[in-house]
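Engineer: Sharing a structure with you now.
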Amino acid sequence: MEHYNMNLTLKVWRQKNEKEKGHFETYSVPGISSEMSFLEMFDVLNERLINEGKEPIAFDHDCREGICGACSMHINGKAHGPWAGTTTCQLHMRAFKDGDTIVVEPWRANAFPVIKDLVTDRSALDRIIAAGGYISVNTGNAVDGNSLPVEKDKADTAFAAAACIGCGACVAACKNSSAMLFTGAKVSHLALLPQGNPERKTRVVNMIAQMDKEGFGSCTFTMECEAACPKEISVNNIARLNAEYMRAAFTAEETMG
Amino acid sequence: MTWKQVFTSSIGKKLVMGLTGLFLISFLIVHVGLNACIWVPDHGETFNKGANFMGTMILVRIIEVGLFLGILLHVYQGYLLTAQNNSRRSQNYTAGYGNKGSSWYSRSMGLLGTLILLFLIMHIYHFWTPSRLGGMWGIHELGEADYNNGAVHIHNLYGEMIQVFQNPVVVILYVLGCLSLAYHLAHGFHSAFRTMGLHNRRYAKMIRNFGYGFSIVVCLAFAMMPVSIYFGWVK
Ligand code: FES
C-alpha cells in the first residue's frame, strides 16, 4: 500500500475526572503518516501537548497488538473505529484521508464511568467474571489429554467465544448499553466444555445477577454488538446464554444464586 | 433462586416480552384467517357467521380475557424495559453510535410498538366496542343480518367493515398500522426465539426467514382488507 502523509483535525473528549463535566477540544494534527497506528497518532499529538506544557490526552492502552482490550475509543461513531474486527491499536491511519475530521469519544455507558478524557472504568466487566466466570477446582497434575474428550465443533465454538478480550465495545455500541455479548461469551466458553459443567448453573445465575447489579441494559437483539466486536464474537453466544440461564433458573432450588 | 428473581432479571424481563409476543402472534394467525373470509364472494355470510361464532363461544371469550391481559403485559413490560434501557446511557455519543450492524426497526421496537398501540385503540373502537358493548352506555350498535332463510339472526360485522372503510383516512391509517406491525414482527418474531435460547444456527436462520415471511404475508393480508373494501373489490 502506498505511503502518504495527512493533515487531520481531531475532536477529542476532554474530561478532568469522573465528577467534572467534559467537553470537546479541537486539535489540528499535521503530518500524520498513513503507516502509523491510531494510538501512535495520539502519541504524536501528546508529545506536542507535553512540549507546549499542556495536559496530554489520557487514553487506555497496554499490549498495542489487539489482545488486551484496553484501547477503548469511540471513533467517528463506531467503537474501535471504522475497520471491522479491529481494535483501536490495530486501526491504522490509512483508514483516513488527508483533511479528515475525526471525532473521538470515550465509551459511553453509566456502567463505564469516565475516569479521565478517553479512559473509562471497565471494572464492572471484571466483577461479572468474578461472580462466576471461572472453574473452582484444584487442577493437580496435568491429566492425560485423551481422558476428557471434547468434540471438535464444540472446542472451536468455545475457542471462538474465549477470544473475547473484554474491551467493552459491545456495551459501547449497544443502544441499551447491554453487556450480554461479553457475558454470553464468558458463559459460553465454559458451558461448552466438560470442565465448565459442574458449576454450570450457579455460574450463569450469579454472572447475570452481577451484570444486572452493574447497571447494564437488557439485550433486544439489535446485533450491533456483533458488528462492533473486534474479535467478531457471535450473537449466538447471547442466545446460548439465554438458554443456559433458563436451564438454570427453571431447575434451580430456591437457595441457589 | 425465586420466581421473582427469575422474572425481574434482565433476561427474565425479555422472556416476558418474548412469550407474550408469541402469544399475541398466535392470535394474529386466528384473526387474519377469520378476516380473510371477507374475500369469500357470498356478501359476507361466511365472515359474519365466523365472527359470530367467535363472539358467542364461551371458550373464545375466556381466551379473549387472556388476550387483553397479554397485550397489557406486553405493553407495560415493553415501556418499562425501553425506559430502563434508555436510562443506561445518560451522556449520549456526539457522533452517534454506529449502525453498521443493526436494522433501524430492531432499534425502534418501542416506537413501532407505540404506533401499533395507537392503531389498536382505534381498531378496538371501530369494531370490538360496537360488537361487544353496542347498545350499552349509548354505544352505537351493529346492524343485523339474516341467514338460512331467517333462521340465523346475527350481527352484521361485515356491513360495519364496509361502512368504516369508505373513509380514505381510516384506510390509510389501517395500512400504516399494518406496516408498523410488519416491521415490529420482522424483528420481534425471531428475537423472541433468540431470547428463549435458540442458538442452533440452522434453526435460528430458519426461524428468522420464517419470521420475515410471516410478517410480510400476515400484514399484507391485513392491509389488503381495508384496501379491497375501499376500492370496492369486495361488496
Ligand atoms: S492496546 Fe491491547 S488491544 Fe489495543
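Readers should treat all values here as calculations from the given coordinates under stated rules, not as data from a laboratory. For clarity, every value in this text was computed on a predicted model and none was experimentally measured. Every residue, glycine as well, gets a Cβ built from its backbone with ideal geometry; the counts of neighbours run over all protein chains shown.
Engineer: With +1 on the Cβ of every Lys and Arg and -1 on the Cβ of every Asp and Glu, and nothing else charged, how large is the dipole of region A:173-257 about its Cα centre, in debye rounded to the nearest 20? Let's see the in-between values first.
Structural biologist: Working: 9 positive and 9 negative charges, 26 e Å.
My answer is approximately 120 debye.
Engineer: Go through region A:78-134 and name the trypsin sites (Lys or Arg not before Pro) that are in a DSSP coil and have 14 or fewer other Cβ atoms within 10 Å of their Cβ. Could the numbers behind the result be given before it?
Structural biologist: Details: sites: A:78, A:94, A:97, A:108, A:116, A:122, A:127; in loops: A:97, A:108, A:122.
For trypsin sites (Lys or Arg not before Pro) across region A:78-134 that sit outside H, G, I, E and B with at most 14 neighbouring Cβ atoms in 10 Å, the list reads A:97.
Engineer: So if I restrict to the alpha-carbon atoms in region A:57-191, what is the Rg, and what is Dmax, the biggest pairwise distance, in Å?
Structural biologist: 17.7, 60
Engineer: In deg cm²/dmol, rounded to 500, what helix-only [θ] at 222 nm does the protein assembly as shown give when every DSSP H run of at least 4 residues adds -39500 (n - 2.57) and the total is split over its residues? Before the final figure, lay out each step's value.
Structural biologist: Working: 17 runs with 242 residues, N = 492.
Here the helix-only value at 222 nm equals -16000 deg cm²/dmol.
Engineer: Another question, then. With θ taken as phi - 60° and the coefficients 6.51, -1.76 and 1.60, list the Karplus ³J(HN,Hα) couplings across region A:3-15 in order, rounded to whole Hz; mark glycine and proline as x.
Structural biologist: For region A:3-15, the Karplus curve yields 7, 8, 9, 9, 10, 10, 10, 10, 10, 10, 6, 10, 8 Hz.
Engineer: Still on this structure, please answer the following. Quick one: in region B:60-172, what % of C-alpha pairs are over 18 Å apart? Walk me through the intermediate numbers first.
Structural biologist: Details: 4402 of 6328 pairs.
Percentage above 18 Å: 70.
Engineer: Within 10 Å of each Cβ in peptide A:234-247, how many partner chain Cβ atoms are there on average? Round it to a whole number, please.
Structural biologist: Working: counts 2, 4, 6, 1, 5, 11, 5, 3, 11, 7, 3, 7, 7, 1.
Per residue, the number of nearby Cβ atoms from other chains is 5 on average.
Engineer: Compute the Kirkwood hydrodynamic radius of chain A, taking the inverse of the mean of 1/r over all pairs of distinct Cα atoms, and give it in Å to one decimal. Please list the in-between numbers first.
Structural biologist: Values: mean 1/r = 0.0505 Å⁻¹.
One decimal place: 19.8 Å for the Kirkwood radius.
Engineer: Can you tell me which of A:89, A:219, A:71 moves the most in a GNM of chain A? Springs connect C-alpha atoms under 10 Å apart.
Structural biologist: Between A:89, A:219, A:71, it is A:219 that shows the largest mean-square fluctuation.
Engineer: So which trypsin sites (Lys or Arg not before Pro) in region A:40-76 pass both tests, a DSSP loop state and at most 12 other Cβ atoms within 10 Å of the Cβ? It would help to have the intermediate numbers written out before the result.
Structural biologist: Details: sites: A:48, A:54, A:64; in loops: A:54, A:64.
When the trypsin sites (Lys or Arg not before Pro) of region A:40-76 are filtered for loop state and at most 12 Cβ neighbours within 10 Å, A:54 remain.
Engineer: Looking at region B:89-118, which trypsin sites (Lys or Arg not before Pro) are in a loop (DSSP not H, G, I, E or B) and have at most 13 other Cβ atoms within 10 Å?
Structural biologist: Working: sites: B:89, B:100, B:107; in loops: B:89, B:100, B:107.
The qualifying sites are B:100.
Engineer: If N is the number of residues in chain B, what value comes out of its Cα radius of gyration divided by 2.2 N^0.38 Å? Don't skip to the answer; put the middle values down first.
Structural biologist: On the way: Rg = 20.3 Å, N = 235, 2.2 N^0.38 = 17.5 Å.
Here the Cα radius of gyration is 1.16 times the empirical estimate.
Engineer: How much length, in nm to one decimal, is gained on full extension between residue B:210 and residue B:19, taken as 0.36 nm per residue of separation minus their Cα-Cα distance? Let's see the in-between values first.
Structural biologist: Working: separation 191, 0.36 × 191 = 68.76 nm, distance 1.75 nm.
Taking 0.36 nm per residue and subtracting the Cα distance, the gain is 67.0 nm.
Engineer: Turning to a different aspect of this structure: Take chain A, connect every pair of alpha-carbon atoms lying under 10 Å apart with a spring to form a Gaussian network, then pick out the residue of A:176, A:141, A:17 with the largest mean-square fluctuation.
Structural biologist: Looking only at A:176, A:141, A:17, the biggest GNM fluctuation is shown by A:141.
Engineer: Next question. What list of ³J(HN,Hα) values in whole Hz, one per residue of region A:233-245 in order, does the Karplus curve 6.51 cos²θ - 1.76 cosθ + 1.60 (θ = phi - 60°) give from phi, with Gly and Pro shown as x?
Structural biologist: Values per residue, Gly and Pro as x: 5, 7, 5, 4, 5, 5, 4, 5, 4, 4, 5, 4, 5 Hz.
Engineer: Follow-up question, since we're still on this one. For the pair residue B:133 and residue A:151, how long in nm is the line joining their label points, each one 7 Å along Cα→Cβ?
Structural biologist: Spacing of the two 7 Å Cα→Cβ label points: 5.5 nm.
Engineer: Which is the longest run of chain A containing none of the GluC sites (Glu not before Pro) found in DSSP loop states (not H, G, I, E, B) with at most 13 other C-beta atoms within 10 Å?
Structural biologist: Values: sites that count: A:2, A:18, A:20, A:35, A:52, A:65, A:151, A:232, A:253, A:254.
For GluC sites (Glu not before Pro) (loop position, at most 13 other Cβ atoms within 10 Å), the longest site-free span of chain A is A:66-150.
Engineer: Let me know the whole percent of all Cα-Cα pairs from region A:5-115 that are separated by more than 25 Å.
Structural biologist: Working: 995 of 6105 pairs.
Tail of the P(r) past 25 Å holds 16 percent of the pairs.
Engineer: Same structure, new question: To the nearest whole number, what is the average tally of beta carbon atoms from other chains within 10 Å of the beta carbons of peptide B:195-202? Walk me through the numbers on the way to the answer.
Structural biologist: On the way: counts 9, 4, 10, 5, 14, 4, 4, 0.
Mean number of neighbouring Cβ atoms from other chains: 6.
Engineer: Further question on the same structure: Would you calculate the volume per residue, in Å³, of the smallest convex hull containing every Cα atom of the protein assembly as shown?
Structural biologist: 220
Engineer: Can you put A:49, B:112 in order of Cβ neighbours within 10 angstrom, beginning with the fewest?
Structural biologist: The fewest-first ordering by Cβ neighbours comes to A:49, B:112.
Engineer: What size of dipole, in debye to the nearest 20, comes out for the protein assembly as shown about its Cα centre when the only charges are +1 on Lys and Arg C-beta atoms and -1 on Asp and Glu C-beta atoms?
Structural biologist: On the way: 42 positive and 39 negative charges, 93 e Å.
Using only the charged Cβ atoms, the result is roughly 440 debye.
Engineer: Another question about this same structure. Enumerate the calculated ³J(HN,Hα) couplings along region A:161-176 in order (Karplus 6.51 cos²θ - 1.76 cosθ + 1.60, θ = phi - 60°), each rounded to whole Hz, writing x wherever the residue is Gly or Pro.
Structural biologist: Working through the residues one at a time gives 6, 6, 6, 4, 9, x, 7, x, 4, 4, 5, 5, 8, 6, 5, 9 Hz.
Engineer: Defining a contact as two alpha carbons under 8 Å apart and six or more residues distant in sequence, what relative contact order in percent does chain B show? It would help to have the intermediate numbers written out before the result.
Structural biologist: On the way: 204 pairs, mean separation 61.4, N = 235.
About 26 percent, as a whole number.
Engineer: What pairs in A:54/A:186; B:205/B:235; A:97/A:186; A:152/B:205 have C-alpha atoms more than 30 Å from each other? Write down the numbers at each step before the final one.
Structural biologist: Values: A:54/A:186 41 Å; B:205/B:235 41 Å; A:97/A:186 38 Å; A:152/B:205 22 Å.
Long pairs (Cα-Cα over 30 Å): A:54/A:186; B:205/B:235; A:97/A:186.
Engineer: Which one of A:106, A:236, A:3 has its Cα pushed farthest toward the positive end of the charge dipole of chain A, where Lys and Arg give +1 and Asp and Glu give -1 at the Cβ?
Structural biologist: A:236
Engineer: Toward the positive end of the charge dipole of chain B, about the Cα centre and with charges on Cβ (Lys, Arg +1; Asp, Glu -1), which of B:112, B:66, B:125 goes farthest?
Structural biologist: Checking the options against the dipole of chain B, the answer is B:112.
Engineer: Dipole of chain B, Cα-centred, from +1 at each Lys and Arg C-beta and -1 at each Asp and Glu C-beta, to the nearest 20 debye? Show your work: numbers first, answer last.
Structural biologist: Working: 16 positive and 7 negative charges, 341 e Å.
Here the size comes out at about 1640 debye.
Engineer: Follow-up. Taking chain B as a Gaussian network, where each spring joins two C-alpha atoms under 10 Å apart, which residue of B:158, B:203, B:183 fluctuates the most?
Structural biologist: Comparing B:158, B:203, B:183 in a Gaussian network model of chain B, the most mobile one is B:203.
Engineer: Another question about this same structure. Would you work out which of B:26, A:193, B:90 lies farthest towards the positive end of the dipole of the protein assembly as shown? Charges go on Cβ: Lys and Arg +1, Asp and Glu -1.
Structural biologist: Toward the positive end, the furthest listed residue is B:26.
Engineer: Sticking with this one: I need the P(r) histogram for region B:1-106: all alpha carbon pairs, bin width 5 Å from 0 out to the longest distance, whole percents.
Structural biologist: P(r) over region B:1-106, rounded to whole percents: 2, 9, 12, 15, 14, 12, 10, 9, 7, 5, 3, 1, 0.
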